[in-house]
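The values are calculated or read from the model by the stated rules, or taken from the named source; none is laboratory data. Keep in mind it's a predicted model, so treat the numbers as computed, not measured. Cβ coordinates were reconstructed from backbone atoms using ideal geometry, including for glycine residues, and neighbour counts include every protein chain displayed. Areas reflect the complete protein model, heavy atoms only, side chains present, ligands, DNA and RNA absent. Shrake-Rupley method; radii C 1.70, N 1.55, O 1.52, S 1.80 Å.
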Amino acid sequence: ESRITYARFEFNANSTTTPCIEVNVGSAFLDHLTFANPASPYIHVDGASFTISDCYFPAPTTGFELCHGTGGVRSDGHGIFARNFFGKANNYNDVVDFTGSQRGTPIVQFINNVVMGGDDDGFDLDGTDAWVEGNIFMHMHRNAGTPDSSSGVSGGFFKFATTGEPAGTNNETSQVTIIRNIFFDVDSACDAKETNFFAMYNNTIVHQTHVGGVDPIGSVFVVADPNTAEGHGFYFEGNIVSDIEQWTRGVTNAIITLSNNIIPIAWTGLGGGNSITNPVFKHVPAVSETFFTNWAQAQIMWDWLSLQMNSPGIGTGPNGTDKGAVNPRGASISGEPSGTTTQTNVTLHVGINRTGNGISPIDWPLGSGYIAYKWRLDGGAWSAETPINTPITLNGLADGPHYVEASGKNDAGFYQDDPIYGPDAVVTRTPTWNVQASLRFSSTMLSGQTLNLTFTAVAGNTYTVQYKLNLSDPTWTKLSDVPAQPSTGPFVITEHVAGLSKFYRIVNPMQP
């Protein structure tokens, strides 16, 4: 692998067809690079294995795609764009154009990049399966001779010309998982034309308009451009959409399903569980606030478009996540107890993974989203790879604190904590909960002649607190009954003791 880090490139050829860096069937790690010549393409990766990370790609002064790739990803490698800053592309040019990445071989991944604008598309993925996570797309508006729509993520079919291509001579389409991205001030969020299909989870789409471009109107979804075949459609779950012009363009037969989203206007198509309501963002910026000049500046969008505590999106997304893009990277875990519990047996679910609703079992053979995971309890040894629909079952937990960590394997075939992701390699961890299996007082507090006895009452259970003045007494006397509580948590019994010495116990269920 060739590795170039923390370098600045100057005086390369002024040619829109000659990139500054060409990786042709090779393997390269290109990190923290800057480019002084905005008059020629920056990086081409053709049939290569590559990581392109933390690079600064300035806005071009002429017409070219900032990064370009053909021939897919090398079969023994990987293809990752991570934490890069892309200036605005102009004329009929995409920010990144990539073709030939097909499931069954490594597919291209875009993680936590910033795209500052373009006259055509952000990531144009023709004949390219991909994983698109945690990116920010802004100011995508059709202009300067672009004959079709402008969107954050786009894809059509690609005809492979020779048997040397990854998919032979077929017309290959794009099946793309798009998760936890922000789309702000764009003509369209996504364009899945020419029999493509996109699955979109936990994205935030805000201020979707055509202002600044030449299109007559914007839309969230595009499934056909002028003179193109229609796409197969979209599956859309757990997203937040706000301030849009309309839902779709080009729809005749495409399958578009909206399930459990926060939306601003009615959706009359397939799906259900959508809410027309205010998502209660922390701050919705004006367009003038969002012309950032570097990657770090743009990260304020995650704070601005986070949810306030009274948002209806809190905890109501897939597998208990928040709706929208502002969620931790990686698979989610649900089902862990909260606070202190008497439960020693716990079942947890790791997600998400979706099938059906147009998500092709041929194109996504193991479903879209996370396809497997590994897990560990309290920092112990990692489990073997576990199918995503198999829950984590914990039995006989000891008293004391516990937590579970998991690493999801995405449908690109990579675990979220793979070192290849650099600083984005993380594990998912539940909050710590405390098991108190034995029925006992967790604290006693005497203030003057007032005694407070605290124990954990499990939701739905009833109890009686009893006392005796001497342990040799044959019987216990009832002090207080505790009816069933709506949730598990601490319960306090208060008694005026008047200087007496007493012994107390809790029994379950409530005694006559």
Strands (runs of 3 or more DSSP E) (entirely within segment 168-274) containing at least 1 residues that are free of Cβ contacts under 8 Å to residues at least 24 places away in the same chain: 255-259, 270-272
Strands (runs of 3 or more DSSP E) contained in segment 403-447 and holding at least 1 residues polar (S, T, N, Q) and closer than 30 Å to Tyr504 by Cα: 433-435, 441-447
Any hit, segment 120-138, residues being among the β-branched types (Val, Ile, Thr), in contact with a Cys (Cβ under 8 Å, 6 or more places away or on another chain) and open to solvent by less than 10 Å² (accessible area, probe 1.4 Å): no
Verdict on Ser40 being open to solvent by less than 10 Å² (accessible area, probe 1.4 Å), over 27 Å from the mean Cα position of the chain (by Cα) and either hydrophobic (A, V, I, L, M, F, W, C) or more than 21 Å from Ala425 (Cα to Cα) (or both): yes
One residue from Thr456, Thr432 being under 30 Å from Leu348 (Cβ atoms) and open to solvent by less than 30 Å² (accessible area, probe 1.4 Å): Thr456
Residues of segment 485-511 classified as assigned to a strand (DSSP E or B), farther than 11 Å from Val458 by Cβ and open to solvent by less than 70 Å² (accessible area, probe 1.4 Å), total: 5
Of the criteria (1) under 19 Å from Glu1 (Cβ atoms); (2) touching an Asp or Glu at 6+ places or on another chain (Cβ under 8 Å); (3) open to solvent by 10 Å² or more (accessible area, probe 1.4 Å), which one Thr70 fails: (1)
Test: residue in segment 285-300 that is in a loop (DSSP other than H, G, I, E, B), on the phi > 0 side of the Ramachandran plot and either touching a residue at least 24 places away in the same chain (Cβ under 8 Å) or touching an Asp or Glu at 6+ places or on another chain (Cβ under 6 Å) (or both): no
Test for Gly320: is it touching a residue at least 24 places away in the same chain (Cβ under 8 Å) and either out of contact with any Phe, Trp or Tyr (no Cβ under 9 Å at 6 or more places or on another chain) or surrounded by fewer than 20 Cβ atoms within 10 Å (Cβ to Cβ) (or both): no
